[in-house]
Each structure stands twice: as structure tokens, then as C-alpha cells.
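The values are calculated or read from the model by the stated rules, or taken from the named source; none is laboratory data. This is a predicted model, so every value here is computed, not measured. Here the Cβ positions follow ideal geometry from the backbone for every residue, glycine too, while neighbour counts run over all protein chains shown.
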Ligand code: FE2
């Protein structure tokens with residue numbers, strides 16, 4: 001008998017959420033094509049086989065190997081993976097349509113996940129386990145997708161020169177901080193999601209006024225990624241920086257040039273702890289409508305919500321688990337506990353277009 005359930009891993013590394021790199025190298029178009037063809041050939045056969053789940057993932061961390069191996073050992077279901085940029089996978093799933101071998105789409109950022117949901121790619125999952133384990137704000141209201149880890153958009157500051165750091169996203173627009181704030185481009189999905197949450201909480205008019213205030217407080221034109229904003233504090237160019245928490249932890253625990261040596265001067269604030277809680281974003285996954293191995297896909301999603309998988313999943317990128325009560329990794333625990341904004345993350349997707357428009361209107365680069 002021919003056995004076709006060999007694990008397949010393809011990594012197309014540009015723009016992957018990859019540990020220690022903000023922007024990874026890019027493959028030439030021909031290599032991509034070759035990979036895509038190899039992929040199509042490899043996945044075509046096992047798509048309908050028993051004991052398989054086909055995962056399209058925009059995430060790759062070292063701990064993922066253990067994550068998938070444990071699932072395979074526990075269930076006998078082989079995980080066939082394709083790892084690529086979220087945008088490529090999204091387009092690919094759309095193009096493959098009803099013939100797609102993909103069972104699960106795993107990606108980062110609620111805005112991207114919501115876009116896949118809006119495009120009708122996901123099927124609703126009825127799972128008592130997922131309902132119980134994943135808090136309501138971390139899943140789609142119709143259970144089209146589920147979040148598995150949380151990342152916090154945090155405020156960082158120079159301990160040497162900032163006595164009273166901003167305590168909220170709203171404070172970032174306070175004239176008291178004129179010329180002090182560094183943040184990456186408004187076109188980045190992290191900032192679009194933050195803006196989307198501001199719109200959800202304050203309405204478009206106030207969100208626009210906030211964007212104007214934030215722009216007026218910039219220390220420099222937006223440039224670079226989140227790590228570069230933190231480096232700006234070390235170099236003295238920025239007194240305040242906005243970045244996802246894990247970029248700071250990479251600098252704290254590893255050797256990030258321009259950051260680690262001077263990281264002691266950087267303080268941090270979990271924003272809005274006095275009111276609605278900090279804006280969080282997520283890694284999340286959903287079962288695809290055309291999934292050929294739907295039952296296995298649901299098993300996989302349920303496995304991701306287990307205690308053990310939650311730790312692997314979160315620790316891979318210094319993130320906070322989605323499931324309450326799962327302990328924090330030692331490095332993440334150094335930041336302390338925080339209160340998350342309970343806004344349902346599907347709102348971030350709903351407000352993406354408005355977020356882009358408002359940033360454009362105020363001329364925020
Ligand atoms: Fe990131």
C-alpha cells in the first residue's frame with residue numbers, strides 16, 4: 001500500500017513572523033514558482049488521505065517543531081505544513097478555491113484573520129472545547145477563527161529623560177510629549193489594528209484627532225520596524241516608542257545590535273490599565289470552508305488550545321497565551337501581568353479600511 005502522509009514543510013521566508021529578524025530575505029520569483037509547483041505536486045496526493053491535516057501557516061518559530069510533533073504523536077494525524085507570507089497564503093487559498101488542499105489557515109494579526117473571514121474562507125467551528133478554552137474576545141463571534149496567543153502594543157520610554165511616561169494610547173497625543181514619540185509607518189498592520197481599536201472605542205472623529213496629535217508628537221518621520229523604534233530610545237533619537245512587547249523581549253533576552261547593550265534605560269508601560277485595558281493583537285487560526293480533512297482540522301484547533309500547546313505556541317515568540325490560567329514563559333513574566341482590552345478582535349478587521357483612510361487624511365506616513 002502506498003503511504004502518502006510524509007510531513008511536508010516549505011518555507012518561503014520573506015515577511016514571515018520569524019524570531020530575531022524583522023525583515024527576512026526575499027526569494028527570487030523563480031524560486032517561489034519552483035516551490036509553489038513542488039508544493040502543489042506534494043499536496044495534491046495526500047489531501048484526501050486519512051490521518052492528515054494540511055496547514056497553511058504564516059508563522060514559524062523554533063518551538064513550532066515540538067508543537068506539531070506533539071500533536072502527531074498524540075493523534076496519529078500528520079501535519080503537512082506550508083509556511084509562507086500571510087498575503088501569499090491568503091491569495092493562494094482564494095485562487096485554489098474549492099480545490100484547495102488547505103484545512104487550516106494560521107496567521108498573525110487580527111486584521112489579516114478578519115480579512116480571510118470576510119472573504120468567506122473560513123467555516124464556523126462548533127466545539128465545546130474551544131468555546132470553553134478561548135475567551136470570547138479572542139474568537140470570531142460566529143467561531144470562524146480562534147486566537148491562540150496575544151501580543152501587546154506597548155509604550156516604551158527612556159527612563160533617563162521621561163519622568164511621567166504616557167499611560168495610555170490617548171496620552172501619546174498629549175502635547176506634553178511633543179517631539180518625543182517614535183512609531184513605525186501607519187501602513188503597517190500593527191498600527192492599522194491599533195487605529196481600528198481607537199475607532200471602535202472613540203468613533204472616527206476622535207480617532208482622527210488622536211492621529212493628528214500623535215503625528216504632531218513624532219520625534220521623526222516613521223521608519224523601520226518595531227525594533228528600530230526601541231533602538232531609537234537607546235540612540236537618544238526617541239524618548240518614547242511604540243512597539244509590540246516581544247520585540248523588547250528579544251532585545252532583553254538575546255543579542256540585538258543597537259538595543260541589548262543599552263536596554264536597561266528602557267522602561268515599559270502596559271497602556272490603559274486604568275480603563276479599558278491594553279490593545280492586544282493575536283496569532284489565530286480557522287478551519288477553511290473547503291477543508292478536505294475537516295475533522296482533523298478541528299482536532300488540531302482544539303489541540304492548540306490545550307495547556308501544553310499553548311505554552312509552545314506562546315513561548316515561540318515571547319507571547320501571552322490566549323487561554324486563561326496557562327502559565328507565562330519566564331521571559332514574558334518579566335514584563336508582569338496586564339489587563340487586556342476586551343473588545344472583540346473582529347472589530348479590528350471591520351475598521352481596517354477606516355483606519356487607513358484616517359491615517360491618510362491626516363498625512364501620517
Ligand atoms: Fe511582529
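Which of the residues belonging to region 253-265 are within 16 Å of the ligand (Cβ to nearest atom) and surrounded by fewer than 23 Cβ atoms within 10 Å (Cβ to Cβ)?
253, 254, 256 - these are the residues of region 253-265 that are within 16 Å of the ligand (Cβ to nearest atom) and surrounded by fewer than 23 Cβ atoms within 10 Å (Cβ to Cβ).
Do the conditions hold for residue 295, that is, is it under 30 Å from residue 51 (Cβ atoms), outside the structural domain of residue 177 (by TED's automatic domain parsing) and free of Cβ contacts under 8 Å to residues at least 12 places away in the same chain? It is true that residue 295 is under 30 Å from residue 51 (Cβ atoms), outside the structural domain of residue 177 (by TED's automatic domain parsing) and free of Cβ contacts under 8 Å to residues at least 12 places away in the same chain. Does region 122-135 contain at least one residue that is over 17 Å from residue 301 (Cβ atoms), in contact with a helix residue (DSSP H, G or I) (Cβ under 9 Å, 6 or more places away or on another chain) and either outside any helix (DSSP H, G or I) or away from the ligand (no atom under 16 Å from the Cβ) (or both)? Within region 122-135, not a single residue is over 17 Å from residue 301 (Cβ atoms), in contact with a helix residue (DSSP H, G or I) (Cβ under 9 Å, 6 or more places away or on another chain) and either outside any helix (DSSP H, G or I) or away from the ligand (no atom under 16 Å from the Cβ) (or both). Only one entry of 270, 248 meets the criterion of being within 16 Å of the ligand (Cβ to nearest atom) and either touching a strand residue (DSSP E or B) at 6+ places or on another chain (Cβ under 7 Å) or assigned by TED's automatic domain parsing to the domain that holds residue 175 (or both), and that entry is 248. In region 200-242, what residues are in a helix (DSSP H, G or I), touching a residue at least 60 places away in the same chain (Cβ under 8 Å) and within 16 Å of the ligand (Cβ to nearest atom)? 226, 227, 228, 229, 230 - these are the residues of region 200-242 that are in a helix (DSSP H, G or I), touching a residue at least 60 places away in the same chain (Cβ under 8 Å) and within 16 Å of the ligand (Cβ to nearest atom).
Inside region 228-238, residues that are surrounded by fewer than 24 Cβ atoms within 10 Å (Cβ to Cβ) and in contact with a helix residue (DSSP H, G or I) (Cβ under 7 Å, 6 or more places away or on another chain) make up a count of 1.
Among the residues of region 118-136, which ones are surrounded by fewer than 19 Cβ atoms within 10 Å (Cβ to Cβ) and out of contact with any strand residue (DSSP E or B) (no Cβ under 7 Å at 6 or more places or on another chain)?
Listed by number, the residues that qualify are 118, 119, 120, 124, 126, 127, 128, 129, 131, 132, 135, 136.
Looking across region 321-331, the residues that are touching a helix residue (DSSP H, G or I) at 6+ places or on another chain (Cβ under 6 Å) and modelled with pLDDT under 95 come down to 326, 329, 331.
Out of all the residues in region 177-189, which are within 15 Å of the ligand (Cβ to nearest atom) and either crowded, with 23+ Cβ neighbours inside 10 Å or not assigned by TED's automatic domain parsing to the domain that holds residue 159 (or both)? 183 - this is the single residue of region 177-189 that is within 15 Å of the ligand (Cβ to nearest atom) and either crowded, with 23+ Cβ neighbours inside 10 Å or not assigned by TED's automatic domain parsing to the domain that holds residue 159 (or both). The condition of being buried (at least 23 other Cβ atoms within 10 Å of the Cβ) and either in contact with a helix residue (DSSP H, G or I) (Cβ under 7 Å, 6 or more places away or on another chain) or farther than 20 Å from residue 67 by Cβ (or both) holds for only one of 304, 337, 343, that being 304.
Looking only at residues in region 333-350 that are within 16 Å of the chain's Cα centre (by Cα) and assigned to a helix (DSSP H, G or I), the one that is farthest from residue 107 (Cα to Cα) is 347. Being more than 17 Å from residue 336 (Cα to Cα) and touching a strand residue (DSSP E or B) at 6+ places or on another chain (Cβ under 6 Å) is the filter; apply it to region 273-286 and report the residue that is surrounded by the most Cβ atoms within 10 Å (Cβ to Cβ). Checking each candidate, the answer is 284.
Among the residues of region 105-115, some residue qualifies, meaning at least one is modelled with pLDDT under 95 and more than 16 Å from the ligand (Cβ to nearest atom).
Among the residues of region 297-325, the one identified as closer than 16 Å to residue 338 by Cβ, more than 16 Å from the ligand (Cβ to nearest atom) and not in a loop (DSSP other than H, G, I, E, B) is 321.
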